[in-house]
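Have a look at the structure below before the remarks.
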Amino acid sequence: MIQKFGMMTRFATLLAVLFVAFSCSKKLNPLPSSLFTASPSPLELVGTKVPVTVNGKFPEKWFHKNAIVNITPILKYAGGEAVGTTYTFQGEKVSGNNVVIPNSGGGVFVVKSTFDYVPAMNKSELYLRIEASIKGKKMVMPDVKVADGVNATVALATATASTPATAPDQFQRVVKEKYDANIKFLIQQAELRKSELTSTNLAAWKSLVESAVRDSKKDVNVEISAYASPDGGYELNEKLAGKREQNTKAHLSKDFAKRNIAPNIVANYTAQDWEGFQELVKASNIQDKDLILRVLSMYPDAETREREIKNISVVFKELAETILPQLRRSRLTAYVDVIGKTDEEMATLWASNKNELGLEELLYFATLPNANEQAIYAFAAEKYPNDARAWNNLANTYFRKGDVAKATQYYNKAAGLNGNDASVNANLGLLALNEGNLDKAQQYLGKAAGASTVNEALGLLYLQQGKYAKAVEAFGNAKTNNAAVANLLVKNYDKAQSILDAVPNKDANTAYIAAVVAARANNLAGVTKNLKEAVRLDAKMADRAKVDLEFAKILAGAGVIPSGK
């Protein structure tokens, strides 16, 4: 009996050992998706990244005391998957530095990941990949789905939809030129001396005036400004300056009449040329010139000024010899307006003799409505190969047509000629944004201040950085698709729609963004109308619309997404 009892005891002990052994080798059961929530859900593209936070729970008695569990978010899409950050958890009997999950009470956890966006993610699913091992024995568990797709509305804003910066021309319809000559007088005299009237300087000035008057592309006005030096009494100087003006005007009128020209002449005089005196003193090396200038600033009265300056006897003699004689003069000024070619004249020359057009004229002519800007910029770049602006603007024509490779070639050519050009740097920034290189784009745009469309490029940079409010501010009043996307993302739907209405050259993307705005407003008719227009302009838009989560609710079961076929 005792022997039988002993056998039974040993058998019970063996069963207990086997039970313990079986329990220790027990596999972990798959976790249901109900234990996990993703935020945001669906996922959302922010800038160029897709961030996600998953909150989860290990149920009570699930986590084996000797288990190690790795959890990795996986974003699956057609043709691939993106692997997120792995988080490791361990049971109570595992030695390590990972988060410990008790077997008795279970535990909650948070895992975060950020995926680099690719367009295929628009139709995707977020899973958790759970890999576990107990005492080194690995076990395979099925991936657990926790969220659907990626809302990628910000990707509707693109570099190729931005307006590249045009390097400005310096063309002026009227170029103002000014030419001066002087007739000098002896002290207290107003007579014109032969030596002055036959000077080379005056002869050249008169010939220039005559040539300008005879040129149909120039308008000429002549001004005579007669002066007396500040020394001497005011009354004497006023009569002297007035007489110098009369004599000078009479001489010019007679000379112009002999040349058979009659430019408009305006004459005036200044009794005491203190302004000219001050300018000459400032430019001189006269001893104590600072003291003289101080006297001029301290005493506005002419007589007091003259007296105080004469009291500086050391320098007055030098003033009388070097400064004052230069002020006894009539200054002759020819104001010449050079009238440039009209738009019609440029068009005629472009068709008949384009080599007659200069660089600034070509750069200007290319900006006119209906101009063949690509041909004009190409000719300008060929004729003036060292001008960065021609290459930059030629690159713009290719960029706007979607030929980024050709545009890049010419932008790099322009940068090689002038790496500091603001327009070139703005456009290199756009190329960097098109490549998704935000750091490089920021460097270029930092050197693009003053470029015509730099704010558009900055707005796109902020969008790709996820700084939507700053993007709206940068775009300002721009009427572009990208500006509309920025306002859409900050939920300013009315402003987004008003921008879309004002876009000058509407395309498929314009209509598609309008459909998103309508979807946000739960406007089914607006969604339908704008999607049909988008697909009419670009059939590929149908494929995007079918997987776009912006339309998931409003179009569910409505059957209104048009076919791209």
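Results for (1) among the polar types (S, T, N, Q); (2) over 21 Å from Ala371 (Cα atoms); (3) in a loop (DSSP other than H, G, I, E, B), shown as yes or no for each residue.
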| position | (1), (2), (3) |
| --- | --- |
| Tyr398 | no, no, no |
| Tyr411 | no, yes, no |
| Gly419 | no, yes, yes |
| Tyr444 | no, yes, no |
| Leu461 | no, yes, no |
Please tell me if Asn260 is part of a loop (DSSP other than H, G, I, E, B), closer than 30 Å to Lys194 by Cβ and not aliphatic (A, V, I, L, M). yes
On the given criteria, is Ser216 open to solvent by 60 Å² or more (accessible area, probe 1.4 Å), assigned to a loop (DSSP other than H, G, I, E, B) and farther than 30 Å from Ala451 by Cα? yes
When both residues are 6+ apart or on different chains and their Cβ atoms are under 8 Å apart, which pairs have a first residue that lies in the stretch 476-489 and is closer than 20 Å to Leu433 by Cα and open to solvent by 10 Å² or more (accessible area, probe 1.4 Å), and a second that is of a type in the set (S, T, N, Q) and not in a helix (DSSP H, G or I)? Thr480/Ser162; Thr480/Thr163
Thr248: loosely packed, with under 13 Cβ neighbours inside 10 Å, of a type in the set (Ser, Thr, Tyr) and not in a loop (DSSP other than H, G, I, E, B), yes or no? no
Looking only at residues in the stretch 319-344 that are open to solvent by 70 Å² or more (accessible area, probe 1.4 Å) and part of a helix (DSSP H, G or I), which one is nearest to Asp387 (Cα to Cα)? Glu344
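Does Asn477 satisfy the condition of being assigned to a loop (DSSP other than H, G, I, E, B) and within 20 Å of the chain's Cα centre (by Cα)?
Values: assigned to a loop (DSSP other than H, G, I, E, B): yes; within 20 Å of the chain's Cα centre (by Cα): yes.
Here the answer is yes, as Asn477 does meet what is asked.
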Return the pair list, or none, for Cβ contacts closer than 8 Å from residues in the stretch 366-389 that are closer than 17 Å to Lys401 by Cα to residues that are surrounded by fewer than 16 Cβ atoms within 10 Å (Cβ to Cβ), at least 6 apart or on different chains. Glu373/Thr367
Do the conditions hold for Tyr411, that is, is it among the hydroxyl-bearing types (Ser, Thr, Tyr), crowded, with 16+ Cβ neighbours inside 10 Å and within 15 Å of the chain's Cα centre (by Cα)? no
Grab the strands (runs of 3 or more DSSP E) fully contained in the stretch 79-165, keeping just those with 3 or more residues being open to solvent by 40 Å² or more (accessible area, probe 1.4 Å) and in contact with a strand residue (DSSP E or B) (Cβ under 6 Å, 6 or more places away or on another chain). 107-116, 124-134
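The values are calculated or read from the model by the stated rules, or taken from the named source; none is laboratory data. Here the structure is a predicted model, which means the values were calculated and not measured. So basically every Cβ, Gly included, is an ideal-geometry build from the backbone, and we count neighbours across all protein chains shown. Heads up: the accessible areas ignore ligands, DNA and RNA and are worked out on the full protein's heavy atoms, side chains in. Shrake-Rupley method; radii C 1.70, N 1.55, O 1.52, S 1.80 Å.
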